[in-house]
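Remarks on the structure that follows.
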Amino acid sequence: MKTALITGATSGIGRATASVLAREGINLILCGRREERLIALKKELSKRVAVYTLCFDVREKDQVFEKITSLPDKFGKIDILINNAGNAHGLDPIQDGNIDDWDAMIDINVKGLLYVSKAIFPQMISKGGGHIINIGSTAGKEVYPNGNVYCASKYAVDALNQAMRIDLNKYGIKVGAVNPGLTKTEFSEVRFKGDSEKAKHVYEGYTPLRPEDIADIIRFVVTRPYHVNIADLIVMPTAQANSSIVHREK
Ligand code: NDP
Ligand code: 8X3
């Protein structure tokens, strides 16, 4: 039986992925900061698979290493790492950008992903295999107005996805990215700091992706035979043509 560690499992894409992988019979290590949500999800998914929760902030490097190295033997062998935790903070022209927002996006989306990965590389290298899936974004393929630092953080994820695939190649470790377009999660609530009205508008007038759509694609990616690695995938709602063009019904 395989074990997957999912960061950002308390909401959106991460949470949906946990449910889908549980249905595939994959044991789970669920990570996030909101402990009550981790506990509730563990309760739900434990009916199908073994589940362990790790409550930590990916920005805190000591916590990251402490938590991941504290895993009990049963969960100590991680076959699949899903680097999903992340968010946008703010949507301002770069000249008006809030420096705390910039720090949050770089610290979480880039440095957090690096810390978690670094804590898990040694065991994947020593067993000569593993699968890392980095959740990038269309924002990491094309910059859009006011996306500036969020886009930069996701371009960094794209670069790190390529870098991991190159440097880990000789160890038999698969590395690939799934890059979603507009997906209705808590993402815009976080971006607009709890302003639900503003967040709602992002997904109005068309059918956005659901987190389950991305989770289903992740299920496909992790269930390919060993010799098949899905290296880089872009997924958008049909109504979306690129980062700026979305066909909305009036
Ligand atoms: P959600 O806001 O619904 O989920 C974000 C998840 O990340 C939560 O589980 C949250 O958990 C976790 N997280 C955020 N900050 C931290 C932190 N400092 N430490 C640990 N965990 C953290 O958004 P999505 O599901 O949409 O986002 C998941 C990923 O998908 C992100 O990387 C995002 O950039 C990417 N993405 C999203 C798109 C979209 O349109 N929604 C499109 C393209 C990519 P908690 O708060 O409990 O810590
Ligand atoms: C999330 C998609 O277009 O809101 O990464 O940046 S977008």
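What the table shows:
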item	result
Placed amide H near I234: partners under 5 Å, 5+ positions off or other chain	N179
Dmax and Rg, reported as Rg then Dmax, of the stretch 190-234 (C-alpha, Å)	15.7, 46
Exposure rank, largest accessible area first [Y226, Y206, Y171; 1.4 Å]	Y226, Y171, Y206
Relative contact order of the stretch 1-124, defined on C-alpha pairs under 8 angstrom at six or more residues apart (%)	27 percent
Compactness index (Cα Rg / 2.2 N^0.38 Å), the stretch 1-102	1.19
Approximate spin-label separation K170-M1, in nm, with each point projected 7 Å along Cα-to-Cβ	3.6 nm
Net charge of neighbours whose Cβ lies under 14 Å from the Cβ of D213, counting Lys and Arg as +1 and Asp and Glu as -1	+2
Per-residue HN-Hα couplings for the stretch 234-246 [Karplus 6.51, -1.76, 1.60; θ = phi - 60°; Hz; x = Gly/Pro]	10, 10, 10, x, 4, 6, 9, 9, 7, 5, 10, 10, 10
Intensity falloff of the chain expressed as log10 I(q)/I(0), Debye formula with alpha-carbon point scatterers, at q = 0.09, 0.14 Å⁻¹	-0.36, -0.91
Segment E60-I234, extension gain: residue separation times 0.36 nm, minus the distance between their alpha carbons	59.7 nm
Flagged links, alpha-carbon separation over 32 Å, of K47/K77; K77/K193; K141/K174; K2/K193; K61/K200; K174/K198	K77/K193; K2/K193; K61/K200; K174/K198
Karplus-derived 3J(HN,Hα), 6.51/-1.76/1.60, for each residue of the stretch 37-53, Hz, glycine and proline x	5, 4, 5, 5, 5, 4, 4, 5, 8, 5, 5, 9, 9, 7, 10, 10, 10
Accessible area (Å², 1.4 Å probe, nearest 10) - H201	100 Å²
Among 32-40, 66-74, the order from most to least packed when residues are scored by Cβ within 10 Å on average	32-40, 66-74
The chain - accessible surface per residue (Å², probe 1.4 Å)	48 Å²
The chain - percent of accessible surface contributed by carbon and sulfur, probe 1.4 Å	52 percent
Of D107, D167, D57, the one that fluctuates the most in a GNM where the chain has Cα springs shorter than 10 Å	D167
Per-residue SASA entry for F220, accessible area with 1.4 Å probe, Å² rounded to 10	90 Å²
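The values are calculated or read from the model by the stated rules, or taken from the named source; none is laboratory data. Keep in mind that what you see is a predicted model, and the values were worked out from it rather than measured. Counting neighbours? That spans all protein chains shown, and the Cβs are built from the backbone with ideal geometry, glycine included. Ligands, DNA and RNA are excluded from the accessible area calculation, which covers all protein heavy atoms including side chains. Shrake-Rupley method; radii C 1.70, N 1.55, O 1.52, S 1.80 Å.
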